[in-house]
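A.B. asks: This structure is in structure tokens; I'll ask about it shortly.
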There are 2 protein chains.
Amino acid sequence: MPANAVRPMERKTGIALWRQVADRIRQGIGSGEFDGDGRLPPETALAERFGINRHTVRSAIAALVQEGVLRPEQGRGTFIQRRRRFTYPISARTRFSEGLRDQARDRRGHLLAHARETASPRVAEALGIAEDDPVIRLETLSEADGRPVSRATSWFQAERFSGIADAFASSGSITVALRDHGVADYLRKSTVVSARHAESADLADLKLAPGAIVLVAVALNVDPEGRPVQFSETRFAADRVELSVSG
Amino acid sequence: MPANAVRPMERKTGIALWRQVADRIRQGIGSGEFDGDGRLPPETALAERFGINRHTVRSAIAALVQEGVLRPEQGRGTFIQRRRRFTYPISARTRFSEGLRDQARDRRGHLLAHARETASPRVAEALGIAEDDPVIRLETLSEADGRPVSRATSWFQAERFSGIADAFASSGSITVALRDHGVADYLRKSTVVSARHAESADLADLKLAPGAIVLVAVALNVDPEGRPVQFSETRFAADRVELSVSG
DNA sequence: TCTACTTGTCTATATCAATAGACGAATTTT
DNA sequence: AAAATTCGTCTATTGATATAGACAAGTAGA
């Protein structure tokens, strides 16, 4: 009997029951709980397991169908469409495409927007430049096997990396874009990980259901001489990705 | 004007508006948004900022008062009770107490429960032992300045660490408990980080509001010879802690 | 074919969530 | 003392959430 069976649902919490159930089912799928026949238990069984009404289970399933996680077939059952999570490695040599090489065939980055602006205090401190110094900000989306995985905002010192937006747009790779600007190699100096509910803009870009959770990684990359080259905040869809830190 | 001002709330998502607002306010407090006078803007101003009714704002505030985050005073305003997040460092030498030394005065671990059981496939693989070999499981809670920070489940090989539960119970420290069992030093070999909604048991232990997010760190510690000594899953309250990975 | 099982749809009801407006109570400013 | 500000409480209404029961529609196995 899975752990789901006993744990009762929380009520009157501001989180609708159907959403709690949807989250649990998605979680279960992500951890391979229904890998046996690739099919969800019948709605009546789920209702009993969670101690709720069948209609509420149906609302949860409807949400997951909308997300593309489940596919119901009348008379046959409800089948699982997508399965396990990607594991994204974080190390001194963190690179997006390399990290998912064994897990996804297609891995690409898209440039959503870019701007030249002045550094905020936070960005200035991270990049080791003066406040209000010019920086270039990139808004990027990373996909694996056609599925959005992460949404990042990156800052670069404007003078040193003047053409970084074009370089990224054409290559889809930060590594390549930095190489074009004379950075043959770079290292991950620090990564701070937190989690929160996704904001509405990220919901749209990452094709997430409202209320979804994102893992937030705030990172600094430096060149071999230790000079900061890239400061970034990356939001990962928490139900599609986990982060792996190797020591 | 803070970023909160423009972003509209998501509706009809299964997450009540008052809860979304509560999450945003808690988030804002965690990132020092109201550090100026340590006071929340008036309810009417918040209602206008979020584009919602004042009563809904009041529901959100009531939830945060319940959590101990806010303290309202009639006629004066609503004051912030607790502020910033702890930053918990993850590195080859990750230790709970050391990591928070500069951030909290009191740091202690509590033993909630312990059991001798057989290793699940997952635990066996991590500890490098046979399936169904005996292991000792510890359920622990870590606090900083009297506030619960993390809730961990740890597994140890039973023969080598037979008295680990007592050793931890009396010392409140894994480092000390391992030293008692001949492990003078240990290293963090791997850490996998993910995020999800807290389960009800963790809600109670961590004193979290239902629907709260936890950062989940699954880690393996090894002795200097590389032999696994501890496999653990730690749930951090995402609104009180962030994880820092240094490279 | 018949039966059991599973998803899909309908009606009905009770509670929670959100909006709206008004006014009281405590505090601070003028 | 009076006015302005701010939190606290009340009533009322609307829509979303959850429960309950019944039956239709499609699938699979006896």
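The values are calculated or read from the model by the stated rules, or taken from the named source; none is laboratory data. Everything numeric in this text was worked out from a predicted model, so none of it was measured. Here the Cβ is made from the backbone with ideal geometry for all residues, glycine too, and neighbour counts use every protein chain on show.
A.B. asks: So A:GLY30 passes all but one of these: (1) within 18 Å of B:GLY14 (Cβ to Cβ); (2) more than 13 Å from DNA strand C (Cβ to nearest atom). Which condition number does it fail?
C.D. replies: (1)
A.B. asks: Run down B:LEU215, B:LEU178 and say which single residue is in a strand (DSSP E or B) and either away from every other protein chain (no Cβ under 14 Å) or at pLDDT 90 or above (or both).
C.D. replies: B:LEU215
A.B. asks: Among (1) without any contact (Cβ under 8 Å) to a residue 40 or more places away in the chain; (2) more than 19 Å from B:GLU98 (Cα to Cα), where does B:LYS207 come up short?
C.D. replies: Status for B:LYS207: all satisfied but (1).
A.B. asks: Here is a list: A:ALA92, A:ALA47, A:ALA126, A:ALA63. Which entry is more than 23 Å from the chain's Cα centre (by Cα) and not in a strand (DSSP E or B)?
C.D. replies: Answer to the check: A:ALA47.
A.B. asks: Related question: Where residues in the stretch A:173-204 are surrounded by fewer than 18 Cβ atoms within 10 Å (Cβ to Cβ) and under 15 Å from the mean Cα position of the chain (by Cα), which of them is farthest from B:ARG24 (Cα to Cα)?
C.D. replies: Once the filter is applied, the top-ranked residue is A:ALA204.
A.B. asks: Quick one: what pairs do we get from the stretch B:39-53, first residue within 15 Å of B:THR78 (Cβ to Cβ) and in the same structural domain as B:VAL65 (by TED's automatic domain parsing), second near DNA strand D (Cβ under 7 Å from one of its atoms) and charged (D, E, K, R), C-beta under 8 Å, 6+ apart or different chains?
C.D. replies: Pairs that qualify, where the first residue is within 15 Å of B:THR78 (Cβ to Cβ) and in the same structural domain as B:VAL65 (by TED's automatic domain parsing) and the partner is near DNA strand D (Cβ under 7 Å from one of its atoms) and charged (D, E, K, R), are B:GLU43/B:ARG58.
A.B. asks: Is there a residue being in contact with a Leu (Cβ under 9 Å, 6 or more places away or on another chain), within 14 Å of chain A (Cβ to nearest Cβ) and of a type in the set (Asp, Glu) anywhere in the stretch B:191-200?
C.D. replies: no
So that you can scan it fast, the table gives a plain yes or no per residue for (1) exposed (fewer than 14 other Cβ atoms within 10 Å of the Cβ); (2) part of a strand (DSSP E or B):
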{"position": "A:ALA104", "(1), (2)": "no, no"}
{"position": "A:ASP132", "(1), (2)": "yes, no"}
{"position": "A:LEU138", "(1), (2)": "no, yes"}
{"position": "A:VAL149", "(1), (2)": "no, yes"}
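A.B. asks: Does A:THR140 meet the test of being polar (S, T, N, Q), more than 14 Å from chain B (Cβ to nearest Cβ) and free of Cβ contacts under 8 Å to residues at least 24 places away in the same chain?
C.D. replies: no
A.B. asks: Return the residue satisfying two criteria in turn: it lies in the stretch A:33-57 and is within 12 Å of DNA strand C (Cβ to nearest atom) and small (Gly, Ala, Ser), and of such residues it is surrounded by the most Cβ atoms within 10 Å (Cβ to Cβ).
C.D. replies: A:ALA47
A.B. asks: If you go through the stretch A:151-175, how many residues are assigned to a strand (DSSP E or B) and either basic (Lys, Arg) or more than 17 Å from A:ASP133 (Cα to Cα) (or both)?
C.D. replies: 3
A.B. asks: Let me ask you something else. Of everything in the stretch B:58-79, what is within 16 Å of DNA strand C (Cβ to nearest atom) and either of a type in the set (Ser, Thr, Tyr) or more than 14 Å from chain A (Cβ to nearest Cβ) (or both)? Give them in sequence order.
C.D. replies: B:SER59, B:VAL65, B:ARG71, B:PRO72, B:GLU73, B:GLN74, B:GLY75, B:ARG76, B:GLY77, B:THR78, B:PHE79
A.B. asks: Still on this structure, please answer the following. Among the residues of the stretch A:67-86, is there at least one that is under 20 Å from the mean Cα position of the chain (by Cα), within 16 Å of DNA strand D (Cβ to nearest atom) and of a type outside the set (S, T, N, Q)?
C.D. replies: The answer is yes, given that some residue of the stretch A:67-86 is under 20 Å from the mean Cα position of the chain (by Cα), within 16 Å of DNA strand D (Cβ to nearest atom) and of a type outside the set (S, T, N, Q).
A.B. asks: Check off (1) modelled with pLDDT of 90 or more; (2) surrounded by fewer than 18 Cβ atoms within 10 Å (Cβ to Cβ); (3) in contact with an Asp or Glu (Cβ under 9 Å, 6 or more places away or on another chain) for A:ALA169 and give me the number that stays unchecked.
C.D. replies: (3)
A.B. asks: When the residues of the stretch B:231-247 are filtered to those that are of a type outside the set (A, V, I, L, M, F, W, C) and outside any strand (DSSP E or B), which remaining residue is farthest from the other protein chains (Cβ to nearest Cβ)?
C.D. replies: Going through the qualifying residues, I end up with B:ARG240.
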